[in-house]
Amino acid sequence: MKDAIVLYPAPGIGHLVSMVELGKLILSRYDCEFSIIVLLTTGPFDSPATTSYIDRISQTTSSISFHRFPYLPFTASPTLGRLANMFEFLSLNASNVLQSLQQLSEASSIRALILDSFCTSAFPLARGLGIPAYFFTSFSAAALAAILYLPTIHKQTTKSFKDLPTTVFHIPGLPPLRATHMMEPLLDREDRTYHQTLQLSLDLQKCDGILTNTFDGLEPIALEAIKNGKCFTDGPSPSVYCIGPLIADAGEDVPTHKHDCLSWLDQQPSRSVVFLCFGSRGSFSREQVKEIANGLERSGERFLWAVKSPPADEKRKEIRDEIVVSDDFDLDDIMPEGFLDRTKDRGMVVKSWVPQVAVLRHQSVGGFVTHCGWNSVLEAVSAGVPMVVWPLHAEQHLNKAVLQRDGDRFVSGAELERRLKGLMDSEEGRDLRERIKKTREMAVEAWREEGSSTTALAKLADIWKHDQGCKLAD
């Protein structure tokens, strides 16, 4: 009976890729000791990208297997946000989780169940079966500190954070944080996601350990506060294992043919191109798109810009409730008149999607304007590319605090021009490139033989190998 580590990601390709990368990491060092089993929900959150990704992993990594749940019909509530609907969908899958764990335990000794931070509904099931349960947080240690400290803040006020414009929170390990800059799902106390995140905080304090996608050298102050128990409300705190940076292989997000943008980058001088990309949900109003275009044109810099179609309702905020990736729009229709022609010799605009990891690793890319999603931050750090950050939603204001760069919701063309010139052509930009180079070296060092992330993973593997695991009685 082989020892197994069971992974349970939330629906969506981003969550799945992060979990699979974790599984591949475990196998790269402990292939002989463990097999990896990934539990998969089946329902309306599925996409063709998820299916093709699973097929690729199944063909290339035999030690990772996928255990699909039966299809669960689910109609998203129009009165709930995207995250609240996802929590609800996962809660409805609790019986599938229980049945799957019982079934898998008949053939394998489950050494650990590693849960996505959205999968809190599975945590009591694991405890009931006697399976060691861990949480894998794919966000920054800064965001983790804020979530862990949430029960304390919850007791200090009865108001929604969005209604506290002058209030500043003092969270251990973080610089002072405006209440309105807390994670987007926490801003409204009446939102169901707020209370689901509050439950996550309590579960994190009771789990067997927290795996987080960061490394000691990147967030030392936040990590020290967490590891010393300063962010926990009461009782003993679980061990925290920094096992980052976890980055998807560059080939994982590239189609079978080479993307046109990579061929274009091949023709550009070294470190000369600014890359602009704002994540899967970063959609700007037409007015903001035009301001970005004006700033790019006036800066004179070479650029590669991934653009998403503006929201149908221009009065909506820039971030969509649903993840929609479509190239069914006309670039000329949303850009300033003549912009594409005037900049065609030094710029490329791509609709919706680019292979971000491959782009950041390209020798022509010298700067990155990013929404500050944590995966994007880690990808840029690992590639040694300096950033101008423009936080838009979720935990990105917290991630900005890690990098100590400024940004805001609406940015004028003149402001973007100034930032780009500062990044690419100034003494400040050169200093930033030196700092990011040193941070990249720390990221590499974390995975050397005696590095901090290597050591953390070894501690986990040792616990899993010597734990009794879960083998249910007949």
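What follows is calculated from the coordinates using simple rules that are stated; it is not laboratory data. Remember, predicted model here, so these are calculated numbers, not experimental data. With ideal geometry, Cβ positions are generated from the backbone for all residues, glycine too; neighbour counts draw on all protein chains shown.
Quick notes
- Counting only DSSP beta bridges whose two residues both lie in the chain, roughly 10 percent are antiparallel.
- In order through segment 27-32: 3J(HN,Hα) via Karplus (6.51 cos²θ - 1.76 cosθ + 1.60), integer Hz, x for Gly, Pro: 5, 5, 10, 9, 4, 6
- Near Leu304, the amide H atoms lying under 5 Å from its own belong to Val274, Phe275, Leu276, Met348; only residues 5 or more places off or on other chains count, and H is placed 1.01 Å from N.
- For Gln363, net neighbour charge (Lys/Arg +1, Asp/Glu -1) across residues whose Cβ lies under 11 Å away: +1
- Taken as Cα centroids, segment 418-435 and segment 173-220 sit 32 Å apart, rounded to the nearest whole angstrom.
- Where GluC sites (Glu not before Pro) in DSSP loops with at most 11 other Cβ within 10 Å are excluded, longest remaining stretch of the chain: 191-313
- Degrees between helix 94-105 axis and first principal axis of the chain (Cα, 0 to 90, nearest 10): 60
- Against the set (1) 73, 52, 47; (2) 61, 55, 47; (3) 80, 54, 41, the structure's computed Cα extents along the principal axes in Å falls on (1).
- Taking a ≥ b ≥ c as the square roots of the eigenvalues of the Cα gyration tensor, segment 1-108 is classed as prolate, since a/c reaches at least 1.5 and a/b is larger than b/c.
- Table column - 3J(HN,Hα) (Hz), segment 218-224, Karplus curve with 6.51, -1.76, 1.60, x for Gly and Pro: 7, 9, x, 6, 4, 5, 5
- 11 Å beta-carbon shell around Ala112, net charge (K/R +1, D/E -1): -1
- Over the chain, relative contact order from alpha-carbon pairs under 8 Å, at least 6 apart, %: 16
- Computed from the C-beta positions of Glu427 and Lys162 and an R0 of 30 Å, the FRET efficiency is 0.15 to the nearest 0.05.
- Whether segment 165-217 is rounded, prolate or oblate, judged on the alpha carbon gyration tensor where a/c under 1.5 counts as rounded: oblate
- Computed from backbone phi, the HN-Hα couplings of segment 156-165 come to 8, 8, 9, 9, 6, 4, 5, 9, 10, x Hz, rounded to whole numbers (Karplus: 6.51 cos²θ - 1.76 cosθ + 1.60, θ = phi - 60°; Gly and Pro given as x).
- Modelled this way, with points 7 Å down the Cα-to-C-beta line, the labels at Lys351 and Ser62 are 4.3 nm from one another.
- Label point distance in nm, Thr75-Phe329, each placed 7 Å from Cα along Cα→Cβ: 3.0
- A helix-only calculation puts the chain at -13000 deg cm²/dmol for mean residue ellipticity at 222 nm, using -39500 (n - 2.57) for each DSSP H run of at least four residues, averaged over all residues.
- For Trp264, neighbours were defined as the other residues whose beta-carbon sits under 12 Å from its Cβ, and their charges (Lys and Arg +1, Asp and Glu -1) total +1.
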